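Mind looking over this structure? Questions follow.
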Amino acid sequence: MGDVVTLQRGTTYKGGLLGQPGPVLLGLASIQRNGGFRDDSLKTYGGESPEKLTLRPGDIYVSLKDVTQSADLLGAIARVPPHVHAGRVTQDTVKLSFTRKDVPSCYIYWLLRTPSYREYCRAHAIGTTNLSLARQDFLAFPVPRPKDQELIIVKTLDTLDDKIELNRRMNATLEAMARALFQSWFVDFDPVRAKLDGCKPAGLDAATSALFPAHFQDSSLGHIPQGWEVCPLADKIELLSGGTPKTGEPDYWDGDIPWFSVKDAPTETDVWVIHTEKSVTELGISNSAAQIFPEKTTIITARGTVGKLALTGTPMAMNQSCYGVRGIPGYGNYFTYYTLRAATAQLKQHTHGTVFDTITRQTFETLNCIFAPPKLTAAFDLTVEPLLEQIRANLQQSRTLATIRDALLPKLLSGELSVAKNSKLREGIVQ
């Protein structure tokens, strides 16, 4: 590797300048476990960012540290995507600069995503609590000179990645549309304001428009649409608890039932959780407090990392650090999800405890929200359902593509896949 790249380690940054205009910080939080870019927690930085620390779309950087014992981030690589116009490496990440034109950066990127490289990083880990990978060990990783076969595999991997990224961007657009509709109807009351001004609500058919009143009324939360109500969030939802089967019982684990923990929480734009890191068996469910929730149940994390939300894309169980939430009859799954999402900031303000922030049942009882009549919330669910179902379909497709990608990665070193099969696979992905 040392014959192909040079390394530029990032530097520390000033916390007071986070969130100010500037490049995004590309530290450990911007890298997925075992490699890949992660953009669900990016923060901009308004401080100094010299060119040697700056990354542009297509640039590559790695983590030579890890704060977990799994070493999933140790040596993990990421590539700056097109939508991140500028980034800055931190003290935990290293920028790669390429010195040879006969070894493309895309080849190195995928080489450092292979299982062989991941095993190499774990074998060379230094430390017990905080792991590190020495620069000389990283630079000593062998890099076979790519042949035509390997470069064709790289093109296929890039095609898979491009399709996954396209799905991610599409999901962001679809989710923004659903969120904007909730904001317009149930927070800003745009249709009611339009009627009050003697105008026809924009974008609504006659039947949906008729569900909105033309006047406001006073409430404990200020002016709200006439006929709507203010009540505790707990009055409109059913709270469900989770549990954890005994970890020392192998018959309770690795079954067919997904088991959700905060690690499985999706990004806000992905909404759904369709796969979990761990799974349990029916025996594990029957011998613990865990229970199986139907699809389209909202999960909210209540301890540790508070306020992460997910819609279950398939029946699943969850641990005791979460609540499952379903609307009472008349209040649908999507309305319930977005109501909780809009209330998340308030929920965090109502957390209890000194060691960990927590959300308790009392939190839901003390948080007052504005609720429209069931006919209107049902109309919302019908309107956003196609958007959210497309998000779920995109996630399922991306998971399938990622499975193909992960199966293809080892062949980058073995050369098992023929050129003809590789080209046919790539054409199928494009179609």
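The values are calculated or read from the model by the stated rules, or taken from the named source; none is laboratory data. Only a predicted model underlies this, so the values are computations on that prediction, with no experimental measurement involved. Glycine gets a Cβ as well: all are built from the backbone with ideal geometry, and neighbour counts include every protein chain shown.
For the stretch 315-325, how many residues are under 20 Å from Glu268 (Cβ atoms) and surrounded by fewer than 20 Cβ atoms within 10 Å (Cβ to Cβ)?
Of the stretch 315-325, the ones under 20 Å from Glu268 (Cβ atoms) are 316, 318, 321-325.
Within this subset, residues satisfying the condition of being surrounded by fewer than 20 Cβ atoms within 10 Å (Cβ to Cβ) are 321.
Adding up the residues that qualify gives 1.
With respect to the numbered conditions (1) at pLDDT below 95; (2) in a helix (DSSP H, G or I), which one is the sole condition not fulfilled by Glu416?
Of (1) at pLDDT below 95; (2) in a helix (DSSP H, G or I), only one is false for Glu416: (2).
Return the pair list, or none, for Cβ contacts closer than 6 Å from residues in the stretch 62-81 that are touching a residue at least 40 places away in the same chain (Cβ under 8 Å) to residues that are surrounded by fewer than 19 Cβ atoms within 10 Å (Cβ to Cβ) and part of a loop (DSSP other than H, G, I, E, B), at least 6 apart or on different chains.
Sorted first by the residue in the stretch 62-81, then by its partner, the pairs are Val67/Asn130; Ala71/Ala125; Leu74/Ala125; Val80/Pro57.
Within the stretch 171-192, track down each residue that is surrounded by fewer than 16 Cβ atoms within 10 Å (Cβ to Cβ) and not polar (S, T, N, Q).
Ala176, Met177, Ala180, Val187, Asp188
Return the only residue of Thr363, Thr354 being surrounded by fewer than 16 Cβ atoms within 10 Å (Cβ to Cβ), polar (S, T, N, Q), assigned by TED's automatic domain parsing to the domain that holds Ala310 and modelled with pLDDT under 95. It would help to see each step written out before you state the result.
Numbers: Thr363 fails: surrounded by fewer than 16 Cβ atoms within 10 Å (Cβ to Cβ).
So the residue among Thr363, Thr354 that is surrounded by fewer than 16 Cβ atoms within 10 Å (Cβ to Cβ), polar (S, T, N, Q), assigned by TED's automatic domain parsing to the domain that holds Ala310 and modelled with pLDDT under 95 is Thr354.
For the stretch 87-108, give me each residue that is crowded, with 17+ Cβ neighbours inside 10 Å and closer than 24 Å to Tyr45 by Cβ.
Gly87, Arg88, Val89, Thr90, Asp92, Thr93, Val94, Lys95, Leu96 - these are the residues of the stretch 87-108 that are crowded, with 17+ Cβ neighbours inside 10 Å and closer than 24 Å to Tyr45 by Cβ.
Give the stretch 130-151 a look and list any residue that's within 30 Å of the chain's Cα centre (by Cα) and not in a loop (DSSP other than H, G, I, E, B), or say none.
Selection gives Leu131, Ser132, Phe138.
Applying the selection to the stretch 273-289, what residues are within 30 Å of Ala172 (Cβ to Cβ), of a type in the set (A, V, I, L, M, F, W, C) and either touching a Pro at 6+ places or on another chain (Cβ under 6 Å) or surrounded by fewer than 18 Cβ atoms within 10 Å (Cβ to Cβ) (or both)? Before the answer, list the steps.
Residues of the stretch 273-289 within 30 Å of Ala172 (Cβ to Cβ): 273-279.
Going one step further and asking which of them are of a type in the set (A, V, I, L, M, F, W, C), we end up with 273-274.
Matches in the stretch 273-289: Val273 only.
Consider Thr377 against the criteria (1) crowded, with 18+ Cβ neighbours inside 10 Å; (2) assigned by TED's automatic domain parsing to the domain that holds Gly242; (3) not aromatic (Phe, Trp, Tyr): it satisfies all of them except one. Which criterion is unmet?
If we test Thr377 against (1) crowded, with 18+ Cβ neighbours inside 10 Å; (2) assigned by TED's automatic domain parsing to the domain that holds Gly242; (3) not aromatic (Phe, Trp, Tyr), just (2) comes out false.
Next question, about the same structure. Pairs, please: C-beta under 6 Å, at least 6 apart or cross-chain, first residue free of Cβ contacts under 8 Å to residues at least 60 places away in the same chain and in the stretch 145-160, second of a type outside the set (A, V, I, L, M, F, W, C)?
Pro146/Tyr107
Does any residue in the stretch 241-259 that is without any contact (Cβ under 8 Å) to a residue 40 or more places away in the chain and surrounded by fewer than 19 Cβ atoms within 10 Å (Cβ to Cβ) come within less than 9 Å, Cβ to Cβ, of a residue that is in a helix (DSSP H, G or I) and not small (Gly, Ala, Ser) six or more places away or on a different chain, and which pairs are these?
Glu249/Leu283; Asp251/Leu283; Gly255/Glu282; Gly255/Leu283; Gly255/Ile285; Asp256/Glu282
One line per residue, one yes/no per condition, for (1) within 18 Å of the chain's Cα centre (by Cα); (2) among the aromatic types (Phe, Trp, Tyr); (3) farther than 23 Å from Gln397 by Cβ:
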{"site": "Gly242", "(1), (2), (3)": "no, no, yes"}
{"site": "Asp264", "(1), (2), (3)": "yes, no, no"}
{"site": "Val271", "(1), (2), (3)": "yes, no, no"}
{"site": "Gly307", "(1), (2), (3)": "yes, no, yes"}
{"site": "Thr312", "(1), (2), (3)": "yes, no, no"}
{"site": "Pro315", "(1), (2), (3)": "no, no, no"}
{"site": "Cys322", "(1), (2), (3)": "yes, no, yes"}
{"site": "Gly327", "(1), (2), (3)": "no, no, yes"}
{"site": "Tyr331", "(1), (2), (3)": "no, yes, yes"}
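From the list Ser279, Ser288, exactly one residue is more than 28 Å from Ala180 (Cα to Cα) and either of a type in the set (Asp, Glu) or without any contact (Cβ under 8 Å) to a residue 40 or more places away in the chain (or both). Which is it?
On the way: Ser288 fails: either of a type in the set (Asp, Glu) or without any contact (Cβ under 8 Å) to a residue 40 or more places away in the chain (or both).
Being more than 28 Å from Ala180 (Cα to Cα) and either of a type in the set (Asp, Glu) or without any contact (Cβ under 8 Å) to a residue 40 or more places away in the chain (or both) holds for just one of Ser279, Ser288, which is Ser279.
Next question, about the same structure. Against the definition (at negative phi and modelled with pLDDT of 95 or more), how does Leu240 come out, yes or no?
Details: at negative phi: yes; modelled with pLDDT of 95 or more: yes.
So Leu240 passes the test.
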